[in-house]
Amino acid sequence: MVESIVSTGLAIGCIYALIAITYNVMFSASRVFSFTAGTLGMLGGVLGSLFIARMGLPVAVGFLLALVGGAVFGIVTEIVAVRPVLKSLDQHLYVLSTLALALMVQQFTAIEWSTEPQPFPRLFDIARGGFDQQFWLPMLACAAVIVGLELLYRRTLIGHAFLAIAEDNFAARALGLPERSLRMASFALAGVIGALAGFAGGEMLLAFFANAPMLTFYGFVPVALGGMGNNRGAVVAGLLLGLFQQAANFLVGGIFASVAVFAVFIIVLLARPEGLAGVTLPRRV
Amino acid sequence: MDKQAPQVRPNRPNVLGSASTFSAALPFLALLLVGISFPLFGGGYWGVIATRACVYWVLVSGLNLVVGFGGQIAIGWVALLTLGAYTTSVLVAGNVTPALPPYLALAIAAAVGAVFGLIVGLPALRLRTFYFAITTLGFATIVTQVALAWQSVTGGGVGVAGPVFPEPFSSQWGFYYFCFGLAAICTWMTANIAASRFGRALTAIRDAEVAAEASGISKSALLGTVFLFSGAVAAVAGGLFASLQSYITPDAFTLDLSILFFIAILIGGRGSVLGPLLGTILLTVLPEFAAPLVAWSTFLYAVLLLVIVLAIPGGIAEILDFKNRRPLESDRAIVPRPDLLGPLLGAAPDAGTLTLEQVSLSFGGVQAIDGLDLEIRSGQVHGLIGPNGSGKTTTLNVISGYYAPKRGAIRLNGAPMPGHGLHRRAHMRIARTFQTPRIVGSASVLENVMIGGTIDGEGTFVESLLSLPRHRRDEAMLRDTAMLALAAVGLERLAPVRADRLQHSELRFTEIARALMLRPVFLLLDEPAAGLSAEEIGRLGAFIRAIAQAGTGVLVVEHHPDLIFDICHHVTVLNLGKILAAGTSAEIRAHREVVNAYLGA
């Protein structure tokens, strides 16, 4: 049983961590938290199932198309729901515009795809074992994203530009960085990461429209606990969340596991609004 | 309070008189008539739709205070509808207790809803907007899951029968009138709040939080009260909803419903009661006209939400706001009337001295102010000048309780002031203005100024809810005082105008009027002359002098040396957080170091 809790918990935790990174990548580029993060995860699963199971495309093609789908939705989010409201960031209109977009995609999926969970294809034709691909795929995806982002941010020029924008938007623009293109690139990147999360976790979560609000909430918990924009904090918090949730699931049952997660989330946030690893920003007069 | 009635009444424009109260109430009266006579022309199914609209409005009216007025993005308010529906149904069905009469069950549901409204709402006091939105969303999910799992009480997925209200409310139209009556009462109550100091304080928290706190508004107390109220009416709506459905399962309470409530408010427009009321009716009725689209209704709501946010953030209320489309006079001069300060400020008691002793404050490695001594005497103008970054505004923020000093003390007549707590300063009659005016743009100039007097109202939230005499007395007092303050700064003609239509200089004087509402013993002005014309600066100087003559101690942070030397009794020059020089205007003007470092040759 412990083994099952750990493997399921870590796998789910990796998915949450990836969604949290999706939030963070969008946040770094725009100072905006977007309700579409969970929607991207949902889309990864649904598109994967659509391309591979329903349309019969090869796994590799289906995988790439799902990621492209995520990138496209990321860019659409930036153009439709983020850019128009960036001027008045203090009015928090982005909360509403991204919520609206997330709902539109979620409802569209429910009606045009299915209101019931649909199966996600097995990606590798190997026998089910103790440590199955449905567990190690999300972990692999998470590790790949962490390493990939680290290389991107440390080793490449565009990665440095991302960091510059995240650090100080005005200064970066004054230096002549193409802020708008970088923001769109960030949202495309976030789209890829979110879709990857849903695709890698497809077998566990299935291709289901209601995964969108679920991932939006559970993916945000690590962001809040790990400190916004802090990817390392998000990964640690995501894994802990997955383990805690699975343990509670086995010990007290699913419903009370959700209640427990929610209670812990609220209590930690009320005690430390800046997250466990975050820093407080002084308010400005 | 102990202030005499103002002797000089400025001419009051008639827009606030009874004629306009009537025209504002007209749409509500029309809706009331339509609602009462509805059974005459609508039958059967339309009766259900109309009842549903009433039930939704009971919830939305309360949520409107949270979202529309307070600006708190509470998306998951359906949780309280669920809670109210189950509490009422379970109590009436007698699953846990002996079966209770429906009215008692509804009252208990209201109490439970109030408590949970507070619990769901409290994180708003600590958390950022998006965090709060997510927590309400999480709460909505949890409540439904609990309803599904707690089978012995809620019936789980099978559900539970809704309550049936006894005669005369058991028939379809009887129940309609019951719901309509409650909806009408909710409309009246929330309209009362909207027009009270509590409603204005909520919009101030939404649009100008710092200014709200500086006016003595306690965010936690006010939002807490509003969450209690909003939770209670939402739970009552839940009880009615359960009765209307006659049978409830967790499936009935989808997030879509929450989104409907939320969007009804935004379509209607933030800070309006009529707008969200029309929005609720519209969203309840709309799917009935487009039967094939019912499956798409949530999708369409989402599209609507996006369109509103991007295209018409003001909602229906802004479209209906004809009054504010009339052009304003183009050449308006601000002519303050210092003679009105006497009646406005009353006979100020000698407030004594506000002293800063060796106050230091640093941000990270930056020493913002370092061992600062300052003495502001009542009845005098004290100038604080220095280059950018020398610590002027920080000093002002320390005095107004925005930052607690790391070292040193602030004393009022020798008694130390508590280091922190912005809204407590207002109770000590210390008022301030801001470097960039902090104004509620969608409220009228008069309402903005009235915000400054919030702490002088004596009635409670409940008294305002029910429009009891003390509430009406407060409102009359605040309106008269605010008109007087506006007349004193020379803006009374703009009283009914939306504040975001004003010019920059007018906003500065509006802020001064708002600060004067506190009848301050000490007034802190942060660059009041920035952006003013030379003529306006001259009038401002004379006005500040007059405020001091009326007994108030004034601290002015400024960059205009001429203004400072004209009006200040004492001047302190800061450089890099330390005092470079201090003395009378004449002394400073002749001070060599100051001239070299700051004023230029």
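The values are calculated or read from the model by the stated rules, or taken from the named source; none is laboratory data. What you see is a predicted model; the values in this text were computed from it and never measured. Every residue, glycine among them, receives a Cβ derived from its backbone with ideal geometry; neighbour counts consider all protein chains shown.
Could you identify the single residue in A:Gly253, A:Gly233, A:Gly227, A:Gly198 that is small (Gly, Ala, Ser), within 11 Å of chain B (Cβ to nearest Cβ) and out of contact with any Lys or Arg (no Cβ under 6 Å at 6 or more places or on another chain)?
A:Gly253
For the stretch B:305-330, what are the residues that are more than 21 Å from A:Leu89 (Cα to Cα) and within 14 Å of chain A (Cβ to nearest Cβ)?
Matches in the stretch B:305-330: none.
State whether the residues of the stretch A:27-37 include one that is over 24 Å from A:Gly159 (Cα atoms) and at pLDDT below 95.
Looking only at the stretch A:27-37, we keep the residues that are over 24 Å from A:Gly159 (Cα atoms), and these are A:35.
If we keep only those that are at pLDDT below 95 as well, we get A:35.
Within the stretch A:27-37, one or more residues are over 24 Å from A:Gly159 (Cα atoms) and at pLDDT below 95.
B:Ser61 fails exactly one of the following numbered conditions: (1) out of contact with any Gly (no Cβ under 8 Å at 6 or more places or on another chain); (2) within 14 Å of chain A (Cβ to nearest Cβ); (3) at pLDDT 90 or above; (4) closer than 24 Å to B:Ala208 by Cα. What is the number of that condition?
Failed condition: (2).
Would you call B:Glu536 over 21 Å from B:Gly391 (Cβ atoms), among the charged types (D, E, K, R) and touching a residue at least 24 places away in the same chain (Cβ under 8 Å)? Working first, answer last.
Working: over 21 Å from B:Gly391 (Cβ atoms): yes; among the charged types (D, E, K, R): yes; touching a residue at least 24 places away in the same chain (Cβ under 8 Å): yes.
In short, yes.
Against the conditions (1) part of a loop (DSSP other than H, G, I, E, B); (2) within 13 Å of chain A (Cβ to nearest Cβ); (3) free of Cβ contacts under 8 Å to residues at least 12 places away in the same chain, where does B:Gly157 fall short? Just the number, please.
Only one criterion is unmet by B:Gly157, namely (3).
Since B:Val554 meets every condition but one in (1) touching a strand residue (DSSP E or B) at 6+ places or on another chain (Cβ under 9 Å); (2) in the same structural domain as B:Thr355 (by TED's automatic domain parsing); (3) assigned to a helix (DSSP H, G or I), which condition does it not meet?
Tallying (1) touching a strand residue (DSSP E or B) at 6+ places or on another chain (Cβ under 9 Å); (2) in the same structural domain as B:Thr355 (by TED's automatic domain parsing); (3) assigned to a helix (DSSP H, G or I), B:Val554 fails exactly one: (3).
Given the condition in the same structural domain as B:Phe169 (by TED's automatic domain parsing) and over 25 Å from A:Thr36 (Cβ atoms), answer yes or no: does some residue in the stretch B:124-138 qualify?
yes
Scan the stretch A:77-119 for residues that are facing another protein chain (nearest Cβ under 10 Å), of a type in the set (A, V, I, L, M) and closer than 21 Å to A:Arg180 by Cβ and jot them down.
Matches in the stretch A:77-119: A:Val80, A:Ala81, A:Val85, A:Leu93, A:Leu101.
What are the residues in the stretch A:12-29 that are surrounded by 24 or more Cβ atoms within 10 Å (Cβ to Cβ) and either of a type in the set (A, V, I, L, M, F, W, C) or out of contact with any Gly (no Cβ under 8 Å at 6 or more places or on another chain) (or both), if any?
Passing the criteria: A:Ile12, A:Cys14, A:Ile15, A:Ala17, A:Leu18, A:Ile19, A:Ala20, A:Ile21, A:Val25, A:Met26.
Just checking, does the stretch B:441-454 include any residue being closer than 27 Å to B:Gln503 by Cα, in contact with a Gly (Cβ under 9 Å, 6 or more places away or on another chain) and within 14 Å of another protein chain (Cβ to nearest Cβ)?
The answer is yes; a qualifying residue exists.
Would you mind telling me which numbered condition in (1) within 28 Å of A:Asp90 (Cα to Cα); (2) touching a strand residue (DSSP E or B) at 6+ places or on another chain (Cβ under 6 Å) B:Gly453 fails?
Going through the list (1) within 28 Å of A:Asp90 (Cα to Cα); (2) touching a strand residue (DSSP E or B) at 6+ places or on another chain (Cβ under 6 Å), B:Gly453 breaks only (2).
Do any residues in the stretch B:252-281 that are farther than 21 Å from B:Ile134 by Cβ and touching a residue at least 24 places away in the same chain (Cβ under 8 Å) have Cβ atoms under 8 Å from those of residues that are of a type in the set (Lys, Arg) and part of a helix (DSSP H, G or I), where the two are at least six apart or on different chains, and which pairs are they?
Short answer, once both residue conditions are applied: B:Gly271/B:Arg206.
For the condition buried (at least 16 other Cβ atoms within 10 Å of the Cβ), at negative phi and at pLDDT 95 or above, what is the one hit in B:Thr154, B:Thr190?
So the residue among B:Thr154, B:Thr190 that is buried (at least 16 other Cβ atoms within 10 Å of the Cβ), at negative phi and at pLDDT 95 or above is B:Thr190.
Could you please let me know if B:Gly271 is surrounded by 14 or more Cβ atoms within 10 Å (Cβ to Cβ) and not in a loop (DSSP other than H, G, I, E, B)?
Judged against the criteria, B:Gly271 is not a match.
Which residues, counting only those in the stretch B:325-340, are surrounded by fewer than 15 Cβ atoms within 10 Å (Cβ to Cβ) and either among the charged types (D, E, K, R) or at pLDDT 80 or above (or both)?
Of everything in the stretch B:325-340, those that are surrounded by fewer than 15 Cβ atoms within 10 Å (Cβ to Cβ) and either among the charged types (D, E, K, R) or at pLDDT 80 or above (or both) turn out to be B:Arg325, B:Arg326, B:Pro327, B:Leu328, B:Glu329, B:Asp331, B:Ala333, B:Val335, B:Asp339.
State the number of residues belonging to the stretch A:204-224 that are over 27 Å from B:Ala147 (Cβ atoms) and either within 11 Å of chain B (Cβ to nearest Cβ) or surrounded by fewer than 23 Cβ atoms within 10 Å (Cβ to Cβ) (or both).
Going through the stretch A:204-224 one residue at a time, the tally reaches 1.
Hey, among B:Ala93, B:Ala149, which residue is away from chain A (no Cβ under 14 Å), of a type in the set (Gly, Ala, Ser) and out of contact with any Asp or Glu (no Cβ under 7 Å at 6 or more places or on another chain)?
Among B:Ala93, B:Ala149, only B:Ala93 is away from chain A (no Cβ under 14 Å), of a type in the set (Gly, Ala, Ser) and out of contact with any Asp or Glu (no Cβ under 7 Å at 6 or more places or on another chain).
Taking B:Leu202 as the residue in question, decide whether it is in contact with a Leu (Cβ under 9 Å, 6 or more places away or on another chain), within 21 Å of B:Pro437 (Cβ to Cβ), away from chain A (no Cβ under 14 Å) and modelled with pLDDT of 95 or more.
Values: in contact with a Leu (Cβ under 9 Å, 6 or more places away or on another chain): yes; within 21 Å of B:Pro437 (Cβ to Cβ): yes; away from chain A (no Cβ under 14 Å): yes; modelled with pLDDT of 95 or more: yes.
Answer is yes for this residue.
Tell me, which residue of the stretch A:136-178 that is assigned to a helix (DSSP H, G or I) and β-branched (Val, Ile, Thr) is farthest from A:Ala237 (Cα to Cα)?
A:Ile158
Output the number of the condition that B:Lys406 fails; it satisfies all remaining conditions of (1) surrounded by fewer than 19 Cβ atoms within 10 Å (Cβ to Cβ); (2) within 13 Å of chain A (Cβ to nearest Cβ); (3) in contact (Cβ under 8 Å) with a residue 40 or more places away in the chain.
(2)
Would you pick out the residues in the stretch B:77-90 that are surrounded by 24 or more Cβ atoms within 10 Å (Cβ to Cβ) and either within 14 Å of another protein chain (Cβ to nearest Cβ) or within 33 Å of the chain's Cα centre (by Cα) (or both)?
Residues satisfying the conditions are B:Trp77, B:Val78, B:Ala79, B:Leu80, B:Leu81, B:Thr82, B:Leu83, B:Gly84, B:Ala85, B:Tyr86, B:Thr88.
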